[in-house]
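Written out below as structure tokens is the structure these notes cover.
The values are calculated or read from the model by the stated rules, or taken from the named source; none is laboratory data. Since we're looking at a predicted model, the values are computed, not measured. So basically every Cβ, Gly included, is an ideal-geometry build from the backbone, and we count neighbours across all protein chains shown.
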Amino acid sequence: MKTNELLQKVDIPRHKLYYLEQKGYITPKRIPMGDLEAREFSGADVRLVAVIWKYLKQGFKHKVAHQKALDELEGRHGTSHQSGQRKAA
């Protein structure tokens, strides 16, 4: 899936998506396009971004949102007891 398609599907801001990539939480394939590169996101990337974004919108910090998303996608709901990890409002 191309970047614009993912942005529309998940409704995540572009800068948040790029931050997830910068932190190494997702690693889209890079496709050369002349002097530029396009990102191609796998189905697994799209699912992970969607779940991370769900937790970010709930106020979790990026690292915690990433771990909770991994836990959820691997079927380990509620096994991570990290209190005090929500971002202050």
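How many residues are loosely packed, with under 11 Cβ neighbours inside 10 Å and in a helix (DSSP H, G or I) if we restrict to region 34-49?
2
Taking the options Ile52, Ile31, Ile12, name whichever one is among the aliphatic types (A, V, I, L, M) and in a loop (DSSP other than H, G, I, E, B).
Unique residue meeting the criteria: Ile12.
For residues in region 63-89 being modelled with pLDDT of 95 or more and in contact with a Phe, Trp or Tyr (Cβ under 8 Å, 6 or more places away or on another chain), which is nearest to Val51 (Cα to Cα)?
By that ranking, first place goes to Ala69.
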